[in-house]
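Each remark here refers to the structure printed beneath this line.
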Amino acid sequence: MNKIIVRTMHRIYLIFKKTYSVRKRVGLVAQKLIIIARLRNIFKRIFFGVRKVNKVNKVNKVNKVNVVIYAPIAIAGLTTQLKQMMDILKSEGMTFEITYYAKPTLKDSPLMKYWKDVDKISEPELIIFFERFHVNIPYFSQAKKIYYINLDWLDNCSYKNARLFTDIVILPTTYRFNEFVSSFANASVHLLPWPSIFPVIDKLSGNKEGEVKVLYVGNDYDDKSRKHPYEVVDAILNCTNPILKFSLKFRNKLPKSILTKLLKSKNVDVVKYGYLPFDEIKDLYVNSDINLIPNSTEGNGLSILESAANGVVPAVLDGYPMKTVVAESFGYLIKCDKVGMVKFAPKYQVSALDLSRFFKDINIESLMSKKNALKGFQKELTQRQEGLYEFFNMSFQYLKIGKYNSINADDFFAAKNKIDTRSKMVDVYMTTYSRPKFFKESLEKLISACNKSPYGHRINILADKLDSETLGIISRHIHELSIVSTNDQMGLPFMINLIHDHVKLVSERSEIRSDYICYIQDDCFIENIEGYFSDLVGYLEESNFANQVGYVSGYHCKIHPGFEKGKYNNHTIIKSDSIDGKNFISKTNLFLKVGRLTWYFDDCDKRGNPGPIRGSHFDLWQWKESDKSLMSQGLYNVIFPGFCSHAAVSSEESCWSNDTSDNNTDKRVNELRIYNTRGKFPSLEKFEYYKNNG
């Protein structure tokens with residue numbers, strides 16, 4: 001019986017579906033009749049189940065921290081650096097978490113207290129990436145980013161993504177430093193020689209007279225280890241220098257036959273395995289004279305630094321970047337051969353024979369000389385420790401992390417001057433509307449201003465309906481600019497919206513981020529050639545601290561009187577909610593955030609500008625039409641009167657069919673037809689003040 005009912009209901013439902021177009025014409029649909037709506041809901045419940053909908057969507061509270069550190073908790077040098085970073089964050093009063101793509105292998109480490117799986121991290125203000133740079137972790141886009149580079153772990157994806165997205169790059173050695181400064185155009189790149197986690201010890205000799213104790217800390221005993229374990233063991237077993245005594249430490253147990261040979265050797269004191277606590281590692285250093293570090297590749301060389309801090313002379317391969325850290329005056333450089341590259345670091349090979357020769361040449365006299373010279377490097381290590389704390393303190397202040405969110409202006413700019421080293425990029429867009437007589441002069445003045453600017457520039461000409469005379473002007477400067485043109489006049493909304501897409505695509509493809517956008521029309525002439533970019537962009541740079549300024553403009557018109565006057569670099573400036581759309585400079589991310597121009601007005605009349613019927617209200621759009629408007633963000637504009645002039649003043653010359661002559665402008669002002677966004681003027685005297693001074 002139940003099956004018959006269900007089949008019947010299903011047939012009715014199919015009839016309802018097939019007859020929808022007919023029922024719609026006569027009004028027999030759910031939108032018109034409540035009984036039809038109820039029947040439809042019954043069918044949906046029977047055939048598709050009931051979907052439970054919460055009437056109130058509960059918003060999950062997002063946990064927040066100041067910093068997330070992306071680094072492993074493992075038997076690795078990075079974990080040592082992680083401990084140092086933790087101490088810095090604690091001293092700064094920062095909340096933090098640790099995460100990494102790989103699970104921790106040191107489950108008993110005190111660092112585990114701060115561990116979170118990647119998908120469970122809290123929302124950070126800052127992510128500090130050690131070694132690997134991954135973009136697919138939560139909150140990546142909104143967080144500030146610092147990247148510490150290890151050359152032998154720097155893969156191509158990390159390198160590419162870091163070039164695009166990181167804010168600060170840290171390099172521990174001078175090797176290839178200038179190359180990285182050039183390639184990381186979007187970041188401030190800093191040389192930060194890392195200190196040892198161990199405090200400096202003044203130690204000349206702590207061992208028996210006539211003995212030289214050599215420490216070797218290896219990984220696994222296999223051909224994958226970069227520490228040349230086969231060659232080291234072979235050289236030790238064939239060592240003929242009677243004063244050498246070796247202490248060996250491996251990650252895992254050695255093959256029984258190899259272990260037996262080593263323990264029988266007169267040159268071997270001890271062989272250890274596995275993870276060693278900090279105190280035991282300290283003891284190994286205290287009882288050693290030389291630390292043998294024959295790594296085939298190296299990124300930072302933490303073991304070199306640990307050796308030096310403990311008064312132990314480092315012995316490394318004679319290659320890069322090792323020899324940028326170790327000098328022959330206080331260390332040993334062992335002969336080797338370059339055999340290739342691992343990521344961005346050279347790879348070296350040392351033979352058992354070359355190690356044997358190195359062992360044979362070691363003597364007490366040369367060792368003591370190097371230990372004495374090591375004291376100078378130990379002083380540098382002490383300075384490195386102080387420099388490490390200072391660098392991150394300045395970085396936190398510049399990035400406004402944690403307690404530095406409310407930093408005062410003086411401290412912020414002091415930190416900015418130390419940390420912000422990158423050159424800023426200004427993307428310049430000039431629109432031209434088949435007006436070559438204006439375009440020729442305005443383009444020449446623009447190029448001159450760019451040549452006088454302290455910033456980088458990409459000049460783009462947006463030619464709306466390109467004509468032959470305009471093309472001839474462009475061709476004379478073809479190597480200095482890019483061009484986008486149309487055959488039919490598309491108007492200002494098209495050009496402004498084109499800038500949105502163009503600036504993003506150019507930044508992504510060139511891997512050079514746009515910091516500022518300068519927009520200027522072909523009838524707007526830059527008059528202050530020397531100071532146009534340095535003053536306008538400089539003002540925005542300084543105003544970034546308070547985050548109150550939207551756009552700056554070099555063109556002032558009386559119908560935009562503004563609401564307050566001031567001074568900057570001895571120039572009069574006017575604060576105003578509205579500006580004339582002929583010229584502005586904006587932070588690129590703010591320009592993109594404010595949004596595009598709409599194609600139509602609210603009454604669906606098409607925006608047709610350049611004129612002659614209706615304009616874009618471009619000057620109003622910034623504070624009225626966009627839901628991300630400057631005023632809704634609590635921002636105002638700043639005008640630098642006299643930095644630019646306007647040539648197309650008659651209605652015949654203007655592509656807007658506007659008469660902007662002085663007489664007509666004064667007439668508008670006298671009729672109070674001005675942009676007053678802060679309420680009516682309380683008195684005629686107040687208006688007269690703005691008319692005469694604005």
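The values are calculated or read from the model by the stated rules, or taken from the named source; none is laboratory data. This structure is a prediction, so every number in the text was calculated from the model and none was measured. Positions of Cβ are generated from backbone atoms using ideal geometry, with glycine treated the same way; all protein chains shown enter the neighbour counts. Surface areas here come from the heavy atoms of the whole protein model, side chains and all, with no ligands, DNA or RNA. Shrake-Rupley method; radii C 1.70, N 1.55, O 1.52, S 1.80 Å.
Here are the numbers for the structure shown:
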read-out	value
Filter pass, Phe438 being touching a helix residue (DSSP H, G or I) at 6+ places or on another chain (Cβ under 8 Å), hydrophobic (A, V, I, L, M, F, W, C) and open to solvent by 10 Å² or more (accessible area, probe 1.4 Å)	no
Filtered residue count, the stretch 223-235, keeping only those that are free of Cβ contacts under 8 Å to residues at least 40 places away in the same chain and over 21 Å from Gly299 (Cα atoms)	1
Selection within the stretch 175-185 - more than 16 Å from Phe391 (Cβ to Cβ) and surrounded by fewer than 20 Cβ atoms within 10 Å (Cβ to Cβ)	Arg176, Asn178, Glu179, Val181, Ser182, Ser183, Ala185
Subset of the stretch 453-466 (residues that are touching a helix residue (DSSP H, G or I) at 6+ places or on another chain (Cβ under 8 Å) and surrounded by 15 or more Cβ atoms within 10 Å (Cβ to Cβ))	Ser453, Tyr455, His457, Arg458, Ile459, Asn460, Ile461, Leu462, Ala463, Asp464
Selection within the stretch 339-366 - of a type in the set (A, V, I, L, M, F, W, C), assigned to a helix (DSSP H, G or I) and crowded, with 18+ Cβ neighbours inside 10 Å	Leu355, Phe358, Phe359
Residues located in the stretch 371-397, provided they are within 21 Å of Met86 (Cβ to Cβ) and either under 19 Å from the mean Cα position of the chain (by Cα) or open to solvent by less than 20 Å² (accessible area, probe 1.4 Å) (or both)	Leu381, Leu388, Phe391, Phe392, Asn393, Met394, Ser395, Phe396, Gln397
Complete set of residues in the stretch 641-663 that are surrounded by 15 or more Cβ atoms within 10 Å (Cβ to Cβ), among the polar types (S, T, N, Q) and not in a loop (DSSP other than H, G, I, E, B)	Ser645
First in the stretch 365-382 and β-branched (Val, Ile, Thr), second anywhere and open to solvent by 40 Å² or more (accessible area, probe 1.4 Å) and at pLDDT below 95, Cβ under 9 Å, 6 or more apart	Thr382/Pro199; Thr382/Val200
Residue list for the stretch 503-530, restricted to those being within 30 Å of Ser661 (Cβ to Cβ) and either assigned to a strand (DSSP E or B) or open to solvent by less than 10 Å² (accessible area, probe 1.4 Å) (or both)	Ile517, Cys518, Tyr519, Ile520, Gln521, Asp522, Asp523, Cys524, Phe525, Ile526
The stretch 396-415 residues that are at positive phi, paired with ones that are open to solvent by less than 40 Å² (accessible area, probe 1.4 Å) and hydrophobic (A, V, I, L, M, F, W, C) (beta carbon under 8 Å, 6 or more apart)	Lys400/Ile407; Lys400/Phe412; Gly402/Val67; Gly402/Met94; Gly402/Phe396
Condition met for Asp220 (open to solvent by 10 Å² or more (accessible area, probe 1.4 Å), out of contact with any Phe, Trp or Tyr (no Cβ under 8 Å at 6 or more places or on another chain) and not in a helix (DSSP H, G or I))	no
Criterion (surrounded by 19 or more Cβ atoms within 10 Å (Cβ to Cβ), of a type in the set (Ser, Thr, Tyr) and free of Cβ contacts under 8 Å to residues at least 60 places away in the same chain) met by exactly one of Thr486, Thr470	Thr470
Meets criteria (in a helix (DSSP H, G or I), closer than 23 Å to Gln84 by Cα and modelled with pLDDT under 90) for Tyr285	yes
Per-region count, the stretch 489-502, residues open to solvent by 50 Å² or more (accessible area, probe 1.4 Å) and touching a residue at least 24 places away in the same chain (Cβ under 8 Å)	3
Condition check for Lys253: open to solvent by 30 Å² or more (accessible area, probe 1.4 Å), outside any helix (DSSP H, G or I) and either modelled with pLDDT of 95 or more or touching a Phe, Trp or Tyr at 6+ places or on another chain (Cβ under 7 Å) (or both)	yes
Within the stretch 110-125, considering residues that are touching a helix residue (DSSP H, G or I) at 6+ places or on another chain (Cβ under 9 Å) and open to solvent by 20 Å² or more (accessible area, probe 1.4 Å), the one farthest from Phe392 (Cα to Cα)	Pro110
Verdict on Ile149 being of a type in the set (A, V, I, L, M) and at pLDDT 95 or above	no
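Yes or no, residue by residue, for (1) modelled with pLDDT under 70; (2) of a type outside the set (Lys, Arg); (3) touching a Lys or Arg at 6+ places or on another chain (Cβ under 6 Å):
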site	(1), (2), (3)
Ser651	no, yes, no
Ser661	no, yes, no
Arg678	no, no, no
Phe681	yes, yes, no
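For (1) open to solvent by less than 40 Å² (accessible area, probe 1.4 Å); (2) in contact with an Asp or Glu (Cβ under 9 Å, 6 or more places away or on another chain); (3) aliphatic (A, V, I, L, M), each residue gets a yes or a no:
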residue: Phe140; (1), (2), (3): yes, no, no
residue: Ala143; (1), (2), (3): yes, yes, yes
residue: Ile149; (1), (2), (3): yes, yes, yes
residue: Lys160; (1), (2), (3): no, yes, no
residue: Leu171; (1), (2), (3): yes, no, yes
